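The values are calculated or read from the model by the stated rules, or taken from the named source; none is laboratory data. All of these numbers come straight from a predicted model, not from anything done at the bench. No Cβ is skipped: glycine too gets one built from the backbone with ideal geometry, and neighbour counts run over all protein chains shown. Each accessible area value is taken on the protein alone, full model and side chains, heavy atoms only, with ligands, DNA and RNA left out. Shrake-Rupley method; radii C 1.70, N 1.55, O 1.52, S 1.80 Å.
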Number of protein chains: 2
Amino acid sequence: MSKPILTTLSPEEIEKVKTASLALLERTGVNIDHAYAREVLQRAGAKVDGARVFFPPKLVMEAIAKAPRQFTIYARNPNCNITIGQEEPVFAPGYGAPYVTLASGERRKATFVDFVNIAKLSGSSSNMGVSGGVLVEPSDIPEKNRHNAMLYACIVNSDKPFMGSATGEEHAKDSLKMAGMIMDSDQGIPKQPVMISLINTITPLMLDERMVGALIAYAEAGQPVIIASLGMAGATAPTTLAGTLALQNAEVLAGITLAQTIREGTPVVYGSASSITEMRNGSLSIGAPEGAWIIAAAVQIAHSYGLPCRAGGCVTDSKTLDPQAAYESMMNLQVAGMAGVDFVLHAAGILESYMSFSMEKFIIDDEICSMVRRFLRGTKFEAEDLAVQLVNEVGPGGQFLTADHTYQNFRKEFWTPALSNRETYDQWKMNGLVSMLTQAEQRVHEIIENYEIPYLEKSVEQKLKEMAGI
Amino acid sequence: MSKPILTTLSPEEIEKVKTASLALLERTGVNIDHAYAREVLQRAGAKVDGARVFFPPKLVMEAIAKAPRQFTIYARNPNCNITIGQEEPVFAPGYGAPYVTLASGERRKATFVDFVNIAKLSGSSSNMGVSGGVLVEPSDIPEKNRHNAMLYACIVNSDKPFMGSATGEEHAKDSLKMAGMIMDSDQGIPKQPVMISLINTITPLMLDERMVGALIAYAEAGQPVIIASLGMAGATAPTTLAGTLALQNAEVLAGITLAQTIREGTPVVYGSASSITEMRNGSLSIGAPEGAWIIAAAVQIAHSYGLPCRAGGCVTDSKTLDPQAAYESMMNLQVAGMAGVDFVLHAAGILESYMSFSMEKFIIDDEICSMVRRFLRGTKFEAEDLAVQLVNEVGPGGQFLTADHTYQNFRKEFWTPALSNRETYDQWKMNGLVSMLTQAEQRVHEIIENYEIPYLEKSVEQKLKEMAGI
């Protein structure tokens, strides 16, 4: 059974991007707003001039060669362990939206109650491999303990792996401490990879103090990090997609080089989030076909280095659950899946160019995730699958509905929709012409009301809650 | 600039399907309900037993080797000529729906006025390479002259290539006669390919009298035909996708062998329309991920024979313009595009598993076609595109908005949406929270009201109108 593979770049084009990125790292360099990071890189062979770090190609190539092609993240429920970089992509829900869009279409700042509800949606989904990180920004929790409150909600409401805080060294250390409370640990630090964290560069060519602080804390603890770049072609990156790819690649390589220099073999994911700028209003467009193209190209570049890749997601610029939200989400998730992406952040719930989260969209996107997974699974080609003998028996004008072969195969061969409607028009009318939005709304309520919170020892939960400060 | 390529089958899997199909053609055979067709095939080496025709592998392989890999269809406006089988896919609108779904959600039988309006939508679209065929079934035109009335509407309302009638030899000859009135012809028959027609098999393994009659008429006249199979896995085809592929392939090869036996070098398109059966109600599902998978696989098989392929389209099982309609349409069109499909029927307008046509969906699907075309176009990788020098000048923390490079490149690099909304939430709210459906509805009215019917000599139009009987 072969895996669908989408390629957009020729080997020569991949080499051109890589050569351009190494030139940028060596000649233009990266501003790294973190003295210790600069010191470590300087010792490893980088040139430092003020905040600017210049990376010799040899340093970069040797560093990325130390990163694993795949790694496992351990969950408190071992059935929920995930491996990043093997055949199947791992999905994680939307990340970082400050707003929530309600089924009514109303939009308001997200709250901690929203956060917990989304953690339950994520926990209940068979497609999400990770409970989440900043599912939304809970505006009603003070910033001081918000990162711990979010981690608490993710850990308590799901037994899947989770995402650590990326807002600085201290926050990362809090995340490590909380993870240590529920996982096998040594002096409070988990012994194995148990979470993954999102480290973003600032395009063009900057790494800020908070992100680098978190990166170093996680790398020292052997915890996986995604190093992601979000270049806006035409604003923070060149307008040409090749130029945006080269710049993004340079930034990601800089972060990975730092992670490997801090600790050899740190599990890292090559993160691509770049897309284009809508030139009419200067805003980021994440539903643009150029963004989808960058996803596919980035996966090829990451894999050419032997690195797992994060890209794609059910992402859209739409403000509402309309056809645009659906076609842009499918476009981006399908491209990622076909290109062989390893980790998909924002796989469900995102609206409005990352600005808002919709729980009903989570349900719709979860269906899209299922569809893409079914596509990627393909089929078998043994003699009984090719079914020459069966077709010969049935013959011209016959039917297969009543064949044993059909009964034996249809459940495993056919994906069953959870949401997509395959009724005839008359059946649909007879059943009340129920809209997909109504169905999704009902599903959200059902899941949240009936959600069974996985068991966690009371004393452990209490300690986590104290950390969370809620 | 390399072209995105999606592959789902390994070379070994392609061979297995091809071997299985040849076995079916040789041992099981195909029922061909047309005495002359059987006679011609028998003379060429096939074995005939009653209605059943058994195809020796040699006959099939020699026949398909005679079919061209690409061919041009000439339009009355030479700027609208299309070539099928080159880099870009050719799109054609929805085909054959008996109903029309209005913007209100109401659904009724299609009329000739609907047909003409859809012909105008198709004529106005820069994505549609073909005006259309049975855009919808105009229920208010008697069956006797319906085929001619439809062809008249397509020819008069657009100067693009069109699709001929496939409902029997006489109807095909009417189409040829009408085409001969507007194109360079010899004794009333066009001298070059000027239209394309859709010949469907009946799965499993049957070719009916009407379709074969039309196929022969077109092949004799050197006019292109699509030979398409629509197997419903689990009902009219094996439940296993490999089995459905092998059966579909056998049927298409039978039709192509007949076409090449009638006239060597007849331009043919390998048509794949198979998908799965929704087992809960026995109906065809064209929005299933298995159907999308079959699209990609069929393109690989067709191309392995050196044949152009028809597959995919903006097709859905949804009854309404909801997220399902959009994500299924994007899934199917995107897969077709990435797999390298040559001709896409049903590229815009289809709802409800081919049962209905929505003009507003045409507008939305037209946007999806644009997006997929932009994705397929990719980008360039010259030094000025990689922009190392530019990034070096801009430096860490800089911006590209005001760079000459941006001004010189953004119009050609960035696709401009016609429908997708990239406003911020506040802009969208200030502009009245206009829905995509409202926008699409307005667009339909604008296009139809302002459509300029291309010039056609009055006397020619009069002759066509007489044939049309309207």
Hey, does the range A:318-337 have a residue that's open to solvent by 10 Å² or more (accessible area, probe 1.4 Å), of a type in the set (D, E, K, R), facing chain B (nearest Cβ under 9 Å) and within 30 Å of B:Lys109 (Cβ to Cβ)? yes
Within the range A:400-440, of all residues that are of a type in the set (Ser, Thr, Tyr) and part of a loop (DSSP other than H, G, I, E, B), the one nearest to B:Ala235 (Cα to Cα) is A:Thr402
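Conditions (1) basic (Lys, Arg); (2) in contact (Cβ under 8 Å) with a residue 12 or more places away in the chain; (3) surrounded by fewer than 15 Cβ atoms within 10 Å (Cβ to Cβ), marked per residue:
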| residue | (1), (2), (3) |
| --- | --- |
| B:Leu401 | no, no, no |
| B:Tyr407 | no, no, yes |
| B:Trp415 | no, yes, no |
| B:Leu419 | no, yes, no |
| B:Thr424 | no, no, no |
| B:Gly432 | no, no, yes |
Surrounded by fewer than 24 Cβ atoms within 10 Å (Cβ to Cβ) and not in a helix (DSSP H, G or I): is that true of B:Asp159 in this structure? yes
If A:Gly397 meets every condition in (1) in contact with a strand residue (DSSP E or B) (Cβ under 9 Å, 6 or more places away or on another chain); (2) open to solvent by 20 Å² or more (accessible area, probe 1.4 Å); (3) part of a helix (DSSP H, G or I); (4) within 7 Å of chain B (Cβ to nearest Cβ) apart from one, which number is that one? (3)
Answer yes or no: is there a residue in the range B:256-264 that is assigned to a loop (DSSP other than H, G, I, E, B) and modelled with pLDDT of 95 or more. yes
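Can you spot a residue in the range A:76-90 that is buried (at least 23 other Cβ atoms within 10 Å of the Cβ), touching a Ser or Thr at 6+ places or on another chain (Cβ under 7 Å) and modelled with pLDDT of 95 or more? Reasoning before the result, please.
Quick first cut of the range A:76-90, residues buried (at least 23 other Cβ atoms within 10 Å of the Cβ) only: A:84, A:89-90.
Okay, now just the ones that are also touching a Ser or Thr at 6+ places or on another chain (Cβ under 7 Å), so none.
No, that holds for no residue.
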Within the range A:175-197, restricting attention to residues that are under 21 Å from the mean Cα position of the chain (by Cα) and open to solvent by 10 Å² or more (accessible area, probe 1.4 Å), which residue is farthest from the other protein chains (Cβ to nearest Cβ)? A:Gln192
Flag for B:Gln300 being modelled with pLDDT of 95 or more, open to solvent by 10 Å² or more (accessible area, probe 1.4 Å), farther than 20 Å from A:Ser329 by Cβ and in contact with a Leu (Cβ under 6 Å, 6 or more places away or on another chain): yes
Just a yes or no: is a residue in the range A:95-111 farther than 27 Å from A:Trp415 by Cβ, in the same structural domain as A:Tyr152 (by TED's automatic domain parsing) and in a helix (DSSP H, G or I)? no
Any residue at all in the range B:63-75 that's more than 30 Å from B:Ala92 (Cβ to Cβ) and open to solvent by 90 Å² or more (accessible area, probe 1.4 Å)? no
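Being more than 7 Å from chain A (Cβ to nearest Cβ), on the phi > 0 side of the Ramachandran plot and crowded, with 22+ Cβ neighbours inside 10 Å is the requirement here; does B:Ser353 meet it?
On the way: more than 7 Å from chain A (Cβ to nearest Cβ): yes; on the phi > 0 side of the Ramachandran plot: yes; crowded, with 22+ Cβ neighbours inside 10 Å: yes.
Against the criterion (more than 7 Å from chain A (Cβ to nearest Cβ), on the phi > 0 side of the Ramachandran plot and crowded, with 22+ Cβ neighbours inside 10 Å), B:Ser353 qualifies.
Looking at the structure I just gave you, is B:Ser285 at pLDDT 95 or above, under 25 Å from A:Lys380 (Cβ atoms), open to solvent by less than 10 Å² (accessible area, probe 1.4 Å) and touching a Gly at 6+ places or on another chain (Cβ under 6 Å)?
Working: at pLDDT 95 or above: yes; under 25 Å from A:Lys380 (Cβ atoms): yes; open to solvent by less than 10 Å² (accessible area, probe 1.4 Å): yes; touching a Gly at 6+ places or on another chain (Cβ under 6 Å): no.
In short, no.
Restricting attention to the range A:140-174, and to residues there that are of a type in the set (Val, Ile, Thr) and more than 20 Å from the chain's Cα centre (by Cα), which single residue is nearest to A:Phe112 (Cα to Cα)?
Kept after step one, since they are of a type in the set (Val, Ile, Thr), are these residues of the range A:140-174: A:141, A:155-156, A:167.
From the residues that got through so far, the ones that are more than 20 Å from the chain's Cα centre (by Cα) too are A:141, A:156.
Numbers: A:Ile141: 7, A:Val156: 14 Å.
Step by step, filter the range A:140-174, then rank; the result is A:Ile141.
Is it the case that B:Ser370 is of a type in the set (Ser, Thr, Tyr), under 35 Å from the mean Cα position of the chain (by Cα) and surrounded by fewer than 24 Cβ atoms within 10 Å (Cβ to Cβ)? Explain how you work it out, then say what you get.
Numbers: of a type in the set (Ser, Thr, Tyr): yes; under 35 Å from the mean Cα position of the chain (by Cα): yes; surrounded by fewer than 24 Cβ atoms within 10 Å (Cβ to Cβ): yes.
Considered against the rule, which asks whether it is of a type in the set (Ser, Thr, Tyr), under 35 Å from the mean Cα position of the chain (by Cα) and surrounded by fewer than 24 Cβ atoms within 10 Å (Cβ to Cβ), B:Ser370 comes out as yes.
In the set A:Glu264, A:Glu290, A:Glu220, which member is facing another protein chain (nearest Cβ under 7 Å), of a type in the set (Asp, Glu) and either surrounded by fewer than 24 Cβ atoms within 10 Å (Cβ to Cβ) or over 30 Å from A:Leu41 (Cα atoms) (or both)?
None of the others qualify; the one that does is A:Glu290.
Can you spot a residue in the range A:452-467 that is closer than 17 Å to A:Ser125 by Cβ and open to solvent by 30 Å² or more (accessible area, probe 1.4 Å)?
Quick first cut of the range A:452-467, residues closer than 17 Å to A:Ser125 by Cβ only: A:452-454.
Applying the additional criterion that residues be open to solvent by 30 Å² or more (accessible area, probe 1.4 Å) yields A:452-453.
Looking through the range A:452-467, at least one residue is closer than 17 Å to A:Ser125 by Cβ and open to solvent by 30 Å² or more (accessible area, probe 1.4 Å).
Just to confirm my filter: which helices (runs of 4 or more DSSP H) fall fully inside the range A:1-89 and include at least 3 residues that are among the charged types (D, E, K, R) and more than 11 Å from chain B (Cβ to nearest Cβ)?
Details: elements: A:11-23, A:35-44, A:57-65.
It comes to A:35-44.
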Could you go through the range B:211-221 and let me know if any residue there is out of contact with any helix residue (DSSP H, G or I) (no Cβ under 6 Å at 6 or more places or on another chain), touching a residue at least 40 places away in the same chain (Cβ under 8 Å) and part of a strand (DSSP E or B). no
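If I filter the range A:223-248 down to residues being among the polar types (S, T, N, Q) and open to solvent by less than 10 Å² (accessible area, probe 1.4 Å), which single residue comes out as farthest from the other protein chains (Cβ to nearest Cβ)?
Applying the first criterion (among the polar types (S, T, N, Q)) to the range A:223-248 yields A:223, A:229, A:236, A:239-240, A:244, A:248.
Going one step further and asking which of them are open to solvent by less than 10 Å² (accessible area, probe 1.4 Å), we end up with A:223, A:229, A:239-240, A:244, A:248.
On the way: A:Gln223: 27, A:Ser229: 13, A:Thr239: 4, A:Thr240: 4, A:Thr244: 9, A:Gln248: 11 Å.
Looking at the filtered set, the residue picked out is A:Gln223.
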Among all residue pairs at least 6 apart or on different chains, which show Cβ distances below 7 Å where the first residue, located in the range A:269-297, is without any contact (Cβ under 8 Å) to a residue 40 or more places away in the chain and the second is of a type in the set (Phe, Trp, Tyr)? A:Ala288/B:Trp415
Criterion first (on the phi < 0 side of the Ramachandran plot, among the aliphatic types (A, V, I, L, M), in a loop (DSSP other than H, G, I, E, B) and modelled with pLDDT under 95) does A:Ile453 satisfy it? no
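To keep it simple, each residue is scored yes or no on (1) in the same structural domain as B:Arg108 (by TED's automatic domain parsing); (2) over 30 Å from A:Ser10 (Cβ atoms).
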| residue | (1), (2) |
| --- | --- |
| B:Glu360 | yes, yes |
| B:Ile368 | yes, no |
| B:Gly398 | no, yes |
| B:Val434 | no, yes |
| B:Glu457 | no, yes |
